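Notes for the one structure printed next.
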Amino acid sequence: MLVRFSDIYIGENMTIKKEEGMTAEKILTKHPLGKSGKNIDRKKYDTLKKTIVSALRKNDLTHTELFSRLNKSLKGKFSGNISWYGETVKLDLEAKRIVERTASTPQKYRLKPN
């Protein structure tokens, strides 16, 4: 399917595409190991970021625990693969040093202290 965009605007870490009066804002995520990020919908990014930060506010969580909470919180309310978007946003938050991995076994995720 071909889609014609009338205007494309690119800002820092984001692209806004206008399609016949509609605006779809995108954000380019980062990766903690410097690998290429993914261009994802800004609303989906914000939803996952808010859910991840909220889940980690109370205590440290393993990967399994974190993604179980994401699926429980967003099931039926989110269009798209929660696990894929969750992993993409989690990696971005790690790259931005908002979330960090612990040295414990099993490894856990937590909000990075200020």
Discussion item. One residue is enough: does segment 57-77 have a residue meeting the conditions exposed (fewer than 14 other Cβ atoms within 10 Å of the Cβ), touching a residue at least 40 places away in the same chain (Cβ under 8 Å) and not in a loop (DSSP other than H, G, I, E, B)?
Written reply: yes
Practice prompt. Please tell me if residue 112 is among the basic types (Lys, Arg) and within 26 Å of residue 36 (Cα to Cα).
Written response: yes
Discussion item. Tell me the residue from 27, 40, 10 that is assigned to a strand (DSSP E or B), of a type in the set (A, V, I, L, M, F, W, C) and at pLDDT below 95, please.
Written reply: 10
Discussion item. Just to be sure I understand the filter: pairs with C-beta atoms under 8 Å, separated by 6 or more residues or on different chains, first member in segment 27-54 and within 21 Å of residue 66 (Cα to Cα), second member among the aromatic types (Phe, Trp, Tyr). Which pairs pass?
Written reply: 29/45; 40/85; 44/78; 44/85; 45/85; 47/78; 48/85
Worksheet, complete the sentence: When (1) open to solvent by 90 Å² or more (accessible area, probe 1.4 Å); (2) among the hydrophobic types (A, V, I, L, M, F, W, C); (3) not in a helix (DSSP H, G or I) are applied to residue 84, the one that fails is (3)
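The values are calculated or read from the model by the stated rules, or taken from the named source; none is laboratory data. Source: prediction; values computed, not measured. Note that each Cβ is placed from the backbone with ideal geometry, even for glycine, and that neighbours are counted across all protein chains shown. Surface areas here come from the heavy atoms of the whole protein model, side chains and all, with no ligands, DNA or RNA. Shrake-Rupley method; radii C 1.70, N 1.55, O 1.52, S 1.80 Å.
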